[in-house]
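One structure is given here, and the rest of the page talks about it.
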Amino acid sequence: MGIYPAADDVGYVGWNMWLWVNEPTPQTWGPQTATVSEGGYSVTATASAEHVTWDFGNGDSVTCAAGTPWTRDKIRNEASPTCGYQYESAGEYDITATTAWRVSWSGIGRSGLIDMELTDTVPVRVAELQAVNTGG
């Protein structure tokens, strides 16, 4: 999973977090197709990711497609154009990304769909910044 600020960095209350599928490939987003043959019969299956549900460990979640990777030129707290979030409270949270996959298969005169989910979790820290005006 791609997250900015990165899981090993500190995020900030009200700061735009970017979320995306890191370097999508057929193995991480699809489509991925395979055929298995045995005893004169063949079955072909194609798997593709449908969406990712991001659970932020505080009761909030968003569902997105693959998202847009954050790039270093985004230095002014720009919001992700496709998948983002802002924490409202400081704390330590576990972000869980659950990718919903759909597998379509056909062979031996039949076909069908199989839905499955793959999940990954990372801890993040969110701090609150405060400014103090000492007068002047």
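Given the options W105, W101, W15, name the one that is part of a loop (DSSP other than H, G, I, E, B) and either in contact (Cβ under 8 Å) with a residue 40 or more places away in the chain or among the acidic types (D, E) (or both). Can you show your working first?
On the way: W105 fails: part of a loop (DSSP other than H, G, I, E, B); W101 fails: part of a loop (DSSP other than H, G, I, E, B).
Answer to the selection: W15.
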Looking only at the range 92-103, decide whether some residue is loosely packed, with under 12 Cβ neighbours inside 10 Å, of a type in the set (D, E) and more than 17 Å from P24 (Cβ to Cβ).
yes
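Can you find, within the range 26-35, the residue that is nearest to Y85 (Cα to Cα) among those that are under 15 Å from the mean Cα position of the chain (by Cα) and at pLDDT 90 or above?
So in the range 26-35, the residues under 15 Å from the mean Cα position of the chain (by Cα) come out as 27-30.
Now restrict to residues that are at pLDDT 90 or above: 29-30.
Working: W29: 21, G30: 25 Å.
Looking at residues that are under 15 Å from the mean Cα position of the chain (by Cα) and at pLDDT 90 or above, I get W29.
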Name the residues in the range 30-57 that are touching a residue at least 40 places away in the same chain (Cβ under 8 Å) and within 15 Å of W101 (Cα to Cα), would you?
G30, A45, T46, A47, S48, A49, E50, H51, V52, T53, W54
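Taking the residues in the range 108-126 that are over 17 Å from the mean Cα position of the chain (by Cα) and in contact (Cβ under 8 Å) with a residue 12 or more places away in the chain as candidates, determine which candidate is surrounded by the most Cβ atoms within 10 Å (Cβ to Cβ).
Initial filter on the range 108-126 (over 17 Å from the mean Cα position of the chain (by Cα)): 108-115, 125-126.
From the residues that got through so far, the ones that are in contact (Cβ under 8 Å) with a residue 12 or more places away in the chain too are 108, 114-115, 125-126.
Details: I108: 9, I114: 11, D115: 9, R125: 15, V126: 23.
It comes out as V126.
If I ask for residues that are not in a strand (DSSP E or B) and not β-branched (V, I, T), which ones from the range 108-136 would you list?
Correct list: G109, E128, L129, Q130, A131, N133, G135, G136.
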Keeping to the range 3-45, report how many residues are surrounded by 16 or more Cβ atoms within 10 Å (Cβ to Cβ) and hydroxyl-bearing (S, T, Y).
2
Within the range 62-79, identify whether any single residue is open to solvent by less than 90 Å² (accessible area, probe 1.4 Å), touching a Gly at 6+ places or on another chain (Cβ under 6 Å) and free of Cβ contacts under 8 Å to residues at least 60 places away in the same chain, and answer yes or no.
no
Determine which single condition G135 fails, assuming it passes every other condition in (1) surrounded by fewer than 12 Cβ atoms within 10 Å (Cβ to Cβ); (2) modelled with pLDDT of 95 or more.
(2)
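Would you mind stating whether S80 is of a type in the set (S, T, N, Q) and more than 15 Å from the chain's Cα centre (by Cα)?
Criteria not met by S80.
The values are calculated or read from the model by the stated rules, or taken from the named source; none is laboratory data. Because the structure is predicted, anything quoted here is derived from the model rather than measured. Glycine gets a Cβ as well: all are built from the backbone with ideal geometry, and neighbour counts include every protein chain shown. Quick note on the areas: whole protein, heavy atoms, side chains included, nothing else; ligands and nucleic acids left out. Shrake-Rupley method; radii C 1.70, N 1.55, O 1.52, S 1.80 Å.
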